[in-house]
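Nothing in this text is a laboratory measurement; each read-out follows from the coordinates by a stated rule. All values derive from a computational prediction rather than experimental measurement. Cβ coordinates were reconstructed from backbone atoms using ideal geometry, including for glycine residues, and neighbour counts include every protein chain displayed.
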Amino acid sequence: MREKKGRERRQSWAKERQKKEAKVFKCRESTAVTSRILVKGEPGVEGDRRRAVRDIKSDLAATLDVQQVKRGEQQECPEPSLEGSASTDLASHMPIQFVCKVKFAEGDEAKATPSKQDSTGPLDERLGQPRGGGVSDLAAFASSSSLHGLAHALGTSRSGRVGMRQTLWALALLMSLALFFYQASRSAVAYLEHPHLAALGEESRRELTFPAVTLCNVNRFRFSALTDADIYHLANLTGLPPKSRGGHRPGELQYPPPDMLDIFQRTGHQLEDMLKSCNFSGQNCSVHDFSVVYTRYGKCYTFNGNKTSAKRTRQGGMGNGLELMLDIQQDEYLPIWRETNETTLEAGIRVQIHSQDEPPYIHQLGFGVSPGFQTFVSCQEQRLSYLPQPWGNCRASSEPVIPGYDTYSVSACRLHCESIQVQRECNCRMIHMPGKADICTPAKVKCVDRALALLQKDTGDSCPCETPCNVTRYGKELSMVKIPSKGSARYLSRKYHKTEEYIRDNFLILDIFFEALNYETIEQKKAYDIAGLLGDIGGQMGLFIGASILTILEILDYIYEVVKYRIKRLLRPQKNQNQQNQRNQIQNQIQGTKNLREQNLRAQLAVSTIATVRLEDVKAKDPKDVTTAQAHGVYPASILPNHHHTQAAVQQDFAC
């Protein structure tokens, strides 16, 4: 009987023991929690580790279901107490302290080095972190810059030191920069030289404007038209003896001052007497189609000189231009008494073919036509375009024109310079020169010759004549045949009532025509302009350093930010000091709050026993071992913090 009671007592003790062990196991299961921590941003940064630990503590304090059991009674499970939780009844509860050991992957640990300054937390980091262009900012700029090779040259290895790879990249970058600057400087020098080239072309037209034709008899004064006074006044020009036809001496003669314009108009060869026939493009023309112009040869005549009503030709070749028959009147030539600067020994006419925009400069640009010949002049129009400064030296049409002329031309400039020089030296001008000064008398011929000689010796600095940017000139090809033939001499003699010998000595035919209805273009062009320079520099920039205009803007923007920050620090030191003091004060307040909280916790836990639960890490040795967030263990997902359920980023596992 006693043995039976003892057996029953032992069985009841065993049942009670099993119940207690089950309760203890249930308590352990309720305090064992498997959690996942989401690591955002830069893995391995010490601030993220501290935030991860704080999240573990706060999540455990929010999710653990602690059951309270009164002391003296049978305890089902002791109540855990967390650091920083509300005060509990220490006499009837046993607090539990959770100690978490957090370890990250090996690659993450090498990316950050803990420091004393980092132990203050993320808020302290934001308060104490300096701004400016330091080495870290330069490395960040290099990593995001579009300049090739800069990120490799300024980057660091895993050990944090500059290695051989970075050195080689830096040398390659410097060499590429040197080659780029060398080629860019050569391109810039070539552009600054402003080279140009000439482009030749030819264009056809259905009709062309016929040029102006100026012709002068080489004899200035008709001998039969000179009076005694004219001979007296023109003695220095003609070389004739200054005496009347009656044999009077100069001292016995009294004449009024000469009117040089009247003398040239009256004594010059008249076109009515010289022109025997005129034909233009199959139509007859007359002296009314000519205008009077004065040159160094005296009174001259210009055909088609009015640019507002210029004649046009619609066909090229002989017979489709201007055809003139002229009588040079050699019997009116002055006898040679003595030779002067104005004395002419030849017989014929002087001809210049020019555009309507320029005055005749026939004594230098004209060509001679002899009597007794028919002269054929085949013309080819040429349009020249020159470049202004700095590629050329032409004068733009927008600049002011020379007084006395409608448009600028080299001939007008030369005549203007001669007029200024003669007026400066002699206080007068020659009849063909522009201006309003009086016409020089023959008594000042020597002064005029001296002034023109000084102008010719000048290098051109005193009166430079630039070439206009747009010029029209005419190339000429001359050929001639003898006239009249034996058969035509008798016919011309009867027609004009002149002897055959007179016709052979005085008559000439001038035939001017276009070779074809086309014109040549000679245009100066820029051999290397700004578009070519930018294209070459852009190609070299892309070839050597892989950069562009936006890369330059990136560098300038970075320099601007750095300079702006440095200037602000120099101009506002007091404000920076106040901000630093404010940050220090906030840090001191945070540290004091932490110290007070720790003291309160120690006082609460001083009389109790602390049960320690360690959180060991599950280290991810392979990237495949890092899984997404999900509930672990036998506990439902509701026991985990809310922000651990839906995160789809890289996470680390921790188990209680």
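If we sort 486-497, 196-207, 413-424 on the protection proxy, mean other Cβ atoms within 10 Å, highest first, what's the order?
Going by the mean number of other Cβ atoms within 10 Å, highest first, we get 413-424, 486-497, 196-207.
Could you give the length gained on full extension between Asp262 and Leu200, defined as 0.36 nm per residue of separation minus the Cα-Cα distance, in nm? Can you show the working numbers first?
Details: separation 62, 0.36 × 62 = 22.32 nm, distance 4.83 nm.
Here the answer is 17.5 nm.
Any chance you could run the full-extension gain for Lys15 through Arg186? It's 0.36 nm times the residue separation minus the Cα-Cα distance, nm to one decimal.
Residue separation times 0.36 nm, minus the Cα-Cα distance, leaves 51.4 nm.
Just to confirm my numbers, what's the Cα centroid distance between segment 518-588 and segment 336-407 in Å?
Each part reduced to its Cα centre gives a spacing of 57 Å.
Compute the FRET efficiency between Ala229 and Ser397 as 1/(1 + (r/R0)^6), taking r as their Cβ-Cβ distance and R0 = 56 Å, and round to the nearest 0.05.
It comes to 0.75.
What is the order of Val287, Val213, fewest Cβ neighbours within 10 Å to most?
Ascending Cβ contact count within 10 Å gives the list Val287, Val213.
State the extension gain, in nm to one decimal, for the chain segment bounded by Arg602 and His288, taking 0.36 nm per residue of separation less the distance between their alpha-carbons.
Length difference between fully extended and current span is 100.1 nm.
If I model a spin label as a point 7 Å beyond the Cα along the Cα-Cβ vector, how far apart are those points for Arg572 and Gln382 in nm?
7.1
What distance in nm separates the two pseudo spin-label positions at Glu477 and Lys4, each 7 Å out from Cα along the beta-carbon direction?
Going by the 7 Å Cα→Cβ label model, 15.7 nm.
Sort 290-301, 174-185 for me by packing, meaning the mean count of neighbouring Cβ atoms within 10 Å per residue, highest on top.
Per-residue Cβ counts within 10 Å, averaged per peptide and sorted highest first, yield 290-301, 174-185.
Report, in listed order, any pair from Lys276/Lys311; Lys307/Lys444; Lys299/Lys444; Lys307/Lys495; Lys476/Lys526 with a Cα-Cα distance greater than 25 Å.
Long pairs (Cα-Cα over 25 Å): Lys307/Lys444; Lys307/Lys495; Lys476/Lys526.
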